[in-house]
Each structure stands twice: as C-alpha cells, then as structure tokens.
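The values are calculated or read from the model by the stated rules, or taken from the named source; none is laboratory data. All of these numbers come straight from a predicted model, not from anything done at the bench. Cβ sites come from the backbone with ideal geometry, for glycine too, and all protein chains shown count toward neighbours. For the accessible areas, the whole protein counts, side chains as well, though only heavy atoms, and no ligand, DNA or RNA atoms are used. Shrake-Rupley method; radii C 1.70, N 1.55, O 1.52, S 1.80 Å.
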Amino acid sequence: MTEHRTRVDVGIVGGGPAGLMTALLLKRRGISAAVIETRTQEQIRHTQRAGILEAPTVNMLVEADVGSRVLTDGHEHEGTVLSFDGIQRRIDFQALVGRSVWLYPQNEVFHDLATAWQREGGEIHWAVTETTVEGIDTAAPQITFTDAQGQGRSIEADLIVGTDGSRSMCRKLIPEDVRTDHFISYPFAWFGILCEAPPTAPELIYANSEIGFALISQRNESVQRMYFQCDPDTDPEEWTEEAIFDHIQQVLGVDGEVQLKRGPIIEKTVLPFRSYVCDPLSHGRLVLAGDAGHTVPPTGAKGLNLAFSDVRALVPRVAEFFTELREQTPSAVVETPEPLRQYSRTALDRVWKAQNFSYWATNLLHRQPEENPFTHKRRRGEFDAITQSVHGQAYFADSYTGWSD
Ligand code: PHB
C-alpha cells in the first residue's frame, strides 16, 4: 500500500495534554508539528485522571488560547485539609504562600487542548497502530505508523518529542548505556471512585488513619471523586458501595465533623503507585516530556503539572535548536544538541523536587503494611510538626501549589 508522507519540524508521539500543549506552543513560535496517538480521542476524554492544576498550569492554558473554560468551570482552591485519625487541620495556601490551585479535571484539559489543536487545523492522527520511530541519532528522524483507516503513513521531522505516557515506547529508544531508569514501587494502590452525590467538603481532604489513606476530591456539584488506600491486587468488584463509603468514613473519623455525602457509584478503578525518572530526557533528536520521562504517585497531584513544567522548559529550547539548525551545515550523525541537553537538566531539577514531595506526602499519608504502634505515632508526630507550625504548613503549601520556574 502506498505510504503517505508528511514533513514537519517536530513529530510528536502521544496526543495527551503534554503532546498537545507542546504542539500548540511550538506553533505559536512558527514551528510546525504533527501528533500521533494510539488511543481514540473518546478514550482519553473519558479516562479519569487527577484534577488539581497549579497556577502556572492554568496560566499556560489561558496563554495558549485554548479557551477559558478552566477559569469559568474550574474551581479555585485557596487551601486544603489534612486529616489524621479524625483530626482535621487546614493548610491556607493563600495566607501562607499567596498562591491557589484549581480543581479542573485533566480530561477537560485534554478536551480543551485537542479542540484548539484541531480547530487550528493541526495535524493529528488518533488510534494509530504499528508505530515505529527511527533515526533519532541522525539528522532525519521519522515516525511510521498505520492510521485508523489502515493507511500506512510516515512523518519526517528534525526532532521527535516523546509524550507517550508512562509506558512510553520512545523512552526505550535512548540506549541503555546512556539511560538510567530510577524506579521504586509502593506496597499499596489507590481505589478510585466517581459517585453521584453533592460535595462532602468545599476543599480537598487528604486523610490518614489506622486503616490507611483516603482522599475526598470533587468533580462538580453532582459528581464527586474519592480514593482510598488498598492492596495493589484488589478486585474493585469485591467492594460494595456501602463497604466503600463506610471505609472512607472510618478514615475521616466516624463521629467527627466530616460526614460523607453518599450516592450511586458510577466508576471504580484501582490505580497503581510508582515513582519513576528517566535520565536523561534527551538523546540525539529525541526529547521526552511528561509521564514518558517520569511518573509520580498521585498523592501530591503533580503528574500533569510536571508535564506542563516540562513543556515550559522545552519549548524555548526547541526554538533555540531550530535557530541553530538553520545556521549549521548538515551532517549525517548528530550529537544531542546543547539546547536539548539543557532542557533535560532544567526539567530534571524540578522533576526531582516533585518526586521528593510526592514520595514524602505519600509516606506521611499512607499506612505501611508492616506498621506498628511506633510507626503510626511517629507519623502522627510528623503530621503535628507540619500542621501546627506555619513553617511546616508553608513547606506543604509551597510544594503543593508548585514552585516558580
Ligand atoms: C483528583 O481529583 O482526582 C485528585 C486530586 C488530588 C490528588 C489526586 C487526585 O492528589
């Protein structure tokens, strides 16, 4: 079958928020991009992911001109509640660090970006199969794939951006002798539910207790998102609606001030927990951004925000790379260009700060399988040290709302 060829400046593997935001911001700088994605647009739109956006993430959506739904439909949260054995303490982000976060689900972020990219006539292929990326160590890398209609295609580019998520195939193109995979797993997972009920609380509640962690989040006035700590092999079908709500209520404290608003559960999923960093994030004519380069446990709500901070670091470096490229004499084999090395260094500095916060918050808020009374009481001491002093609270607020670039 004849192959359709496209030639662009940048080929992007992965049409989630990181890939689409990169495509849009490059276009604003006169750099052309084409995007491919293995899932359908509908599949991504309906996959539940975390819902907390840091201020710079919101600013990027507004500045990328993808519509202001985040400002009209998103909810500004000026603080959050940390709870331990039924004791609730609020962290006032605005008072402590002068910043807020926004509750706006990631699938809505995706929808806004995909709509904007398609409205502007950006090239995107959904539901592709048989993807290969070749030549990242040459000056002419290319992506080949079969599109949703069964047509063989190729995209020739000067640079490939891998934003293909935590099971990234692009990452594996960085040779093993240059790549370090930093990885840890955790002995627990999150059981996530969506339910039809009014909000239990105006802000998020992150709770720990003798039976482990729970998180009360929201989606809108009539649909809520909640999670609780579970064993990684849990079968969601084994938990009845009543058992789920009773368990979450017990984490929050049965006779306390937070009384769970219950309602029909419309989705149940078990989410694995891991921390991963790929070092470096660039090699030859390939760069990685977002989950393709690093994964954090969801406790700190950092995943999407970290992907967007990668994109903020990446886009100016890609522009620099193209300026240099146009001034150079072409050669067959390429070293990793300096602007792309610089991107990797800048992005990884922030990634490790977020890894640390996500790991620390996970340990503060979860029960370990081998927990004894000492461990639980020590953790209560840590909770008090954080929540009873403005300095401890400010550490949490500063990290949670996101550091400036
Ligand atoms: C969510 O609303 O899905 C959510 C919020 C905060 C987190 C994780 C998930 O830390």
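For segment 73-89, 3J(HN,Hα) computed residue by residue from phi via the Karplus equation (6.51, -1.76, 1.60; θ = phi - 60°) reads 9, x, 10, 6, 10, 8, x, 8, 10, 9, 10, 9, 6, x, 9, 9, 10 Hz, glycine and proline entered as x. Cβ-Cβ distance of residue 176 and residue 48, R₀ of 30 Å, FRET efficiency by 1/(1 + (r/R0)^6): the value works out to about 0.30.
Using only the heavy atoms of the protein chains and a 1.4 Å probe, how would 46, 111 rank by accessible area, largest first?
46, 111
Full extension of the chain between residue 107 and residue 398 gives 102.2 nm of extra length, using 0.36 nm per residue less the Cα-Cα distance.
Report the extension gain between residue 185 and residue 139 in nm, rounded to one decimal, defined as 0.36 nm multiplied by the number of residues separating them, less their alpha carbon distance.
On the way: separation 46, 0.36 × 46 = 16.56 nm, distance 3.72 nm.
Going from the current span to full extension adds 12.8 nm.
Which net charge results for the neighbourhood of residue 308, defined as the other residues with beta-carbon distances under 14 angstrom from its beta-carbon, given Lys and Arg at +1 and Asp and Glu at -1?
Details: positive: 49, 302, 312, 350; negative: 54, 63, 112, 291, 310, 405.
Counting the neighbours of residue 308, the net charge comes to -2.
Only helices enter this figure: runs of n ≥ 4 DSSP H residues, each worth -39500 (n - 2.57), summed and divided by the residues of the chain, yield -11000 deg cm²/dmol at 222 nm to the nearest 500.
Nothing charged except the Cβ atoms of Lys and Arg (+1) and of Asp and Glu (-1): what's the magnitude of the dipole of segment 127-258 about its Cα centre? Round to the nearest 20 debye. Before the final figure, lay out each step's value.
Details: 7 positive and 24 negative charges, 108 e Å.
The dipole magnitude comes to about 520 debye.
Of the GluC sites (Glu not before Pro) found in segment 336-405, those that fall in a DSSP loop while having at most 12 other beta-carbon atoms within 10 Å are 370. Relative to its residue count, the chain spans a Cα convex hull of 148 Å³ per residue. Quick note on segment 331-393: its Rg to Rh ratio, both from C-alpha atoms and Rh being the Kirkwood radius, is 1.32.
The eigenvalues of the Cα gyration tensor, multiplied by 5 and square-rooted, give segment 10-163 an equivalent ellipsoid with semi-axes of 36, 17, 15 Å from largest to smallest. Projected label points at residue 95 and residue 132, each 7 Å from Cα along the beta carbon direction, are separated by 6.1 nanometres.
Out of the DSSP beta bridges found with both residues in the chain, what percent are antiparallel (nearest 5)?
On the way: 54 of 76 bridges.
Of the beta bridges lying entirely in the chain, close to 70 percent run antiparallel.
For segment 1-139, what is the percent of antiparallel DSSP beta bridges, rounded to the nearest 5? Could you put the intermediate results ahead of the total?
On the way: 12 of 19 bridges.
If we restrict to bridges inside segment 1-139, about 65 percent are antiparallel.
Label point of residue 246 set 7 angstrom out along Cα-Cβ; within segment 194-232, amide nitrogens under 16 Å from it belong to 211. Once the convex hull of all Cα atoms in segment 45-136 is built, its volume per residue stands at 197 Å³.
Checking the table 172/302; 268/377; 172/353 against a 28 Å threshold on Cα-Cα, which pairs fail? The partial results should precede the final answer.
On the way: 172/302 24 Å; 268/377 32 Å; 172/353 24 Å.
Checking Cα-Cα distances, 268/377 exceed 28 Å.
Suppose we look only past 21 Å in the calculated P(r) of segment 159-307. What percent of the Cα-Cα pairs does that tail hold?
Values: 5770 of 11026 pairs.
More than 21 Å apart: 52 percent of the Cα pairs in segment 159-307.
D for segment 250-365, whole µm²/s, Stokes-Einstein with Kirkwood Rh over alpha-carbon pairs at 25 °C and 0.890 mPa s: what number? Write out the running numbers ahead of the final one.
On the way: Rh = 17.0 Å.
In µm²/s, the coefficient is 144.
Per residue, how large is the accessible surface of segment 109-151? Use a 1.4 angstrom probe and give square angstrom. Please list the in-between numbers first.
Details: 1770 Å² over 43 residues.
Here the per-residue accessible area is 41 Å².
Computing FRET efficiency as 1/(1 + (r/R0)^6) for residue 323 and residue 390, where r is the C-beta to C-beta distance and R0 is 51 Å, gives about 0.65.
Please sort by residue number the trypsin sites (Lys or Arg not before Pro) in segment 17-51 whose DSSP state is loop and whose Cβ has at most 12 other Cβ atoms within 10 Å. Here the trypsin sites (Lys or Arg not before Pro) that fit, given the DSSP loop and packing criteria, are 29.
Treat every Asp and Glu Cβ in the chain as -1 and every Lys and Arg Cβ as +1, leave all other atoms uncharged, and give the resulting dipole magnitude about the Cα centre to the nearest 20 debye. Could the numbers behind the result be given before it?
Details: 38 positive and 56 negative charges, 123 e Å.
I would put it at about 600 debye.
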